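Remarks on the structure that follows.
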Amino acid sequence: MKALPLLVLLLAGCGIKANPEVLRAPEVEVRRIGDRVFLRSLSGEVKVQGFERVGSYWVKENPEAFCFLVVGERSKRLCVERALREVPSVKVLEEEAKTVFLPSGFELFHLYPLKDELPLLEGRRVIKEEFSLHRGYREQCYLLTGVRGSVESPPIKVCASAKEPPPVEEVSDLQIREGRDKLYLLWFYSRDYKEFVVYKNGKEVGRTTGFSFEVPKPEQKTTFSVKVVHPLGFESSGVSVDYSP
């Protein structure tokens, strides 16, 4: 019975640890979307042999089935199937507040938000039947894929068209005050706005958040216009005033 404590002391003296740290295999998400394979790390930094780093993803374009090595704390070998050639079909129904999509050709679909023309993997939405997108004042586009097993079809772009923006109220009391070698455009505005855009003979010359704008005095008849930029980004038609030297 006395031999066991002696053995423990000898092992400790040799530097042997009872619980050595185990290196973890890389945790990643891999998606075959058409001809391209996307990989993103779910834990820590990785490198993927034969792939290109694009933002937070590793990307490779290859329609054939192939295997590759992911290198993290440990290496991990993964494989993907051959790309699909079929693409989904979509019927689009425009309504006042939303755009309705009726996809067909697959039993399951994935819908991805777009970021720099690439699918945002972490924003993936699983679609089994018709779906709708809210219509705002700007066009909203997504990528739709058909899913078969672990492979997704080439993506098609689906967009909810922009609805007509509400009219933007124009500036009032636009007038010109003349200095020695400058002109001063003055106006009044009482609604919410982002900024004002000033034009000279139809060409933009500057922007301001104030109610005045200074320009060099022209030597010939000139038309100045001021447009209001709404907080959501769209512009009014503009109000104009003429100057004759």
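No lab work stands behind these numbers, since they all come straight from the coordinates. Being a predicted model, the structure only gives us computed values, none of them experimental. With ideal geometry, Cβ positions are generated from the backbone for all residues, glycine too; neighbour counts draw on all protein chains shown.
So here's what we get for this one:
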| quantity | calculated |
| --- | --- |
| Net charge of neighbours whose Cβ lies under 15 Å from the Cβ of Leu143, counting Lys and Arg as +1 and Asp and Glu as -1 | +1 |
| In range of the label at Asp35: residues from the range 47-86 whose backbone nitrogen is under 14 Å from the point 7 Å along Cα→Cβ | 60-65, 83-86 |
| Virtual spin-label span in nm between Leu93 and Thr223, 7 Å along Cα→Cβ | 4.6 |
| Approximate spin-label separation Glu204-Tyr184, in nm, with each point projected 7 Å along Cα-to-Cβ | 2.6 |
| Correct choice for semi-axes √(5λ) of the Cα gyration tensor in Å that was computed from the model, options (1) 48, 16, 15; (2) 36, 21, 15; (3) 60, 30, 17 | (3) |
| Counting DSSP beta bridges with both ends in the chain, the antiparallel % (nearest 5) | 95 |
| Exposure proxy ranking, count of Cβ atoms within 10 Å, fewest first, for Thr222, Thr145, Thr209, Thr99 | Thr209, Thr222, Thr99, Thr145 |
| Within the range 89-160: Cβ-based charge dipole about Cα centre, in debye rounded to nearest 20 (Lys, Arg +1; Asp, Glu -1) | 80 |
| Chain lengthening between Ser43 and Asp242 when straightened (0.36 nm per residue, less Cα-Cα) | 65.3 nm |
| Residue exposure sequence - Phe109, Phe234, Phe68 - by fewest surrounding Cβ within 10 Å | Phe234, Phe68, Phe109 |
| Most mobile listed residue (Ala160, Ala97, Ala65) in the chain, GNM with C-alpha springs under 10 Å | Ala65 |
| Convex hull (Cα only) mean projected area of the range 89-160, reported in nm² to one decimal | 4.8 |
| Full-stretch length increase - Leu69, Ser212 - with 0.36 nm per residue and alpha-carbon distance subtracted | 45.3 nm |
| Among Leu111, Leu121, Leu232, residue whose mean-square fluctuation peaks in a GNM of the chain (springs only between Cα atoms under 10 Å) | Leu232 |
| Nearest 10 degrees, 0 to 90: helix 3-13 Cα axis against the chain principal axis | 40 |
| For the chain, built as a Gaussian network whose Cα springs stay under 10 Å, the top-fluctuating residue of Gly72, Gly44, Gly105 | Gly44 |
